[in-house]
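Below is one structure; the comments refer to it alone.
Read-outs: derived from the displayed coordinates by stated rules, not from any lab. The model shown is predicted, which means the values in this text are computed figures rather than measured ones. For neighbour counting, all protein chains shown are included, and Cβ atoms are generated from backbone atoms with ideal geometry for every residue, glycine included.
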Amino acid sequence: MDTWFSSALNRRAFLKSAALIGAGGAYLGGAHLYLKDDRWTPNRSFWVSRGREPVSAALVGEHETDLAIIGGGVTGLSTAIHVLLRAPAAKVMVLEARHVGFGATGRSGGVLGNGTEMGTPAGTEDNVALAIALIDRFGIGCDLERAPVTQLDPYRYVVGLRRAAESLGASVHEGSRVTGIGDGSPVLIRGDRFVLRSPRLIVATNGYTPRLGVAPERLFPAHTAAAVTGPVPPEILRDIPDSILVMTSREMYMWGRKAPGHRVLVGAGAEYFYDNGLYHRGDPFLFRALHRCMAKSFPPLAAFPFQHTWTGPMGCTADQEPVIGTVGSAGNIIYCGGYTGHGIAMGTKAGSFLAGMLHGESPPAWMLRRTLDIPGEPLRYIAVNTIINLMNLGLFSMPKYE
Amino acid sequence: MSDGPAAVREIPPASSGRRPSPRALACALGVVSLGLFFVPLLTPVLQIGTLAYVLRAAWRGEIDRIGVVAGVTGAGLGLLLFLALQLLWIV
């Protein structure tokens with residue numbers, strides 16, 4: 001029996017179908033042009049606004065090294081430190097596109113916790129102790145509060161890690177953006193003004209990783225927003241918990257803490273931008289909604305407007321747990337990321353895992369697990385944002401890691 | 001070559017009688033437009049397409065009131081919810 005689908009096309013129906021397909025293609029093409037944005041959101045976090053450290057010299061010319069690390073955040077610098085603690089003679093070079101702590105590290109809340117977003121899988125029980133051990137060992141000044149909640153200034157922490165890595169012999173090059181990674185042994189790492197050859201490469205760029213062409217099927221950036229109030233009187237601040245966690249749906253929450261200078265820091269939300277976008281174009285409702293949420297949870301704070309607001313991408317995976325993987329024909333390119341907002345302590349620990357891998361040790365099996373492959377655009381944009389929207393609406397929860 | 005009479009092949013119509021009625025189509029599009037309001041990129045097109053289809057069918061007198069109400073309500077409400085989700089930013 002003929003149906004609408006199996007019946008022969010006449011010329012008019014054919015032209016109508018072709019026009020429809022053409023319009024669909026034009027829509028998706030237009031969306032691609034409109035939504036794609038190659039800029040990076042500047043780091044305007046409260047932490048960086050308190051004073052930025054001078055940037056180290058950019059890498060220029062052709063070089064060779066024993067180990068190259070891309071990413072001057074907590075993972076990359078912790079890896080450099082742990083590698084050099086094991087092999088002090090190794091030549092380690094860290095490449096950072098902007099300045100250390102430019103990415104998620106320097107924009108986080110600075111609250112340290114053991115475990116990950118989904119639980120406390122093997123090897124993550126002592127993440128905080130490892131971070132504190134590094135702070136104590138290298139005398140890092142980062143406004144560390146050990147109790148009742150372990151928290152610090154994440155930018156000062158990562159700057160301290162840079163100094164520690166340099167003191168052990170690493171060379172950290174800021175303003176050295178990698179533009180291409182050539183597969184092979186050695187790996188060829190190209191930048192605007194440099195070429196670097198290294199037998200092994202660590203890609204520690206978290207949410208920025210897919211844009212380097214590394215593991216786009218496993219990692220994606222999700223932008224979150226954070227803000228800090230002006231100084232709050234002590235009698236009001238006394239009633240604010242040291243660590244804020246307010247569920248806004250079954251899966252999403254507002255997080256926060258007390259910040260230096262008698263302030264309150266809060267953050268929330270996740271947004272995915274087309275083609276692993278790293279630029280937040282701004283949203284007039286974003287910080288009003290965040291302030292409303294803060295005021296609803298802590299009414300006395302309603303009278304205190306935000307003095308600093310910022311956004312930034314954090315690295316995520318399909319199951320919200322960090323991953324380690326290897327790519328390249330020689331298996332000599334190792335990536336790590338996807339902390340889903342728990343990167344300060346977990347990233348520090350991941351550095352020790354990565355250093356161990358370079359010495360033949362295996363990281364915890366769960367970090368090497370298979371994850372659901374995230375499709376390419378435009379399906380990626382549709383799928384990731386659909387799940388985020390469902391989480392915001394409380395209609396979907398991620399299964400917890402056991 | 002065959003010497004027999006030339007076979008006459010009947011060309012089926014471009015659309016057969018199994019095509020859904022405008023009312024059923026409008027209702028289905030309205031439900032999908034509303035039910036999938038949280039899907040970016042695709043849903044706004046579906047919602048605007050549904051509104052266009054229903055209004056065109058109504059202008060031509062091809063659809064009854066139930067179909068118009070179901071299609072316009074589903075697509076309109078779905079579009080409002082989609083915009084609210086995008087712009088109001090649920091925290």
Between segment A:86-123 and segment A:251-274, the alpha-carbon center distance in angstrom: 19
Theoretical ellipticity at 222 nm over chain A - DSSP helices of four or more residues, -39500 (n - 2.57) apiece, nearest 500: -9000 deg cm²/dmol
Cα-centre dipole for segment A:95-154 with unit charges at Cβ (Lys and Arg positive, Asp and Glu negative), debye to 20: 140
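Given a Förster distance of 30 angstrom, what is the FRET efficiency for A:Ala303 paired with B:Leu87, based on the Cβ-Cβ distance and rounded to 0.05?
Approximately 0.70, to the nearest 0.05.
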Using distinct alpha-carbon pairs, which all enter the 1/r mean, Kirkwood radius of segment A:333-380 in Å: 12.5
About the Cα centre, charge dipole magnitude for segment A:221-316 (Lys/Arg +1, Asp/Glu -1 at Cβ), debye: 200
Gyration tensor (alpha-carbon) shape descriptor, chain A, a/c threshold 1.5: oblate
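Compute, for the protein assembly as shown, the length of the dipole vector about the Cα centre, with Cβ point charges of +1 (Lys, Arg) and -1 (Asp, Glu) only. Units Debye, rounded to 20.
1020
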Label-zone membership for segment A:379-398, site A:Leu28, 7 angstrom Cα→C-beta point, backbone N under 14 Å: A:379-383
Cβ-based charge dipole, chain A, positive-most Cα from A:Val323, A:Gly101, A:Gly347: A:Gly101
Helix runs (DSSP H) in chain A reaching 27 Å along axis by Cα, Kyte-Doolittle at least -1.0: A:11-35
Spin-label model distance (nm) - A:Ser167 vs A:Leu85, 7 Å beyond Cα toward Cβ: 1.3
Anisotropy class of segment A:37-79 from Cα gyration tensor, a/c 1.5 cut: prolate
Distance histogram in 10 Å bins (all Cα pairs of segment B:22-87, percent per bin): 28, 52, 18, 2
Cα gyration tensor shape of segment A:1-117, rounded if a/c is under 1.5, else prolate or oblate by comparing a/b with b/c: prolate
Förster radius 30 Å - calculated FRET efficiency between A:Ser249 and A:Phe14, Cβ distance, rounded to 0.05: 0.05
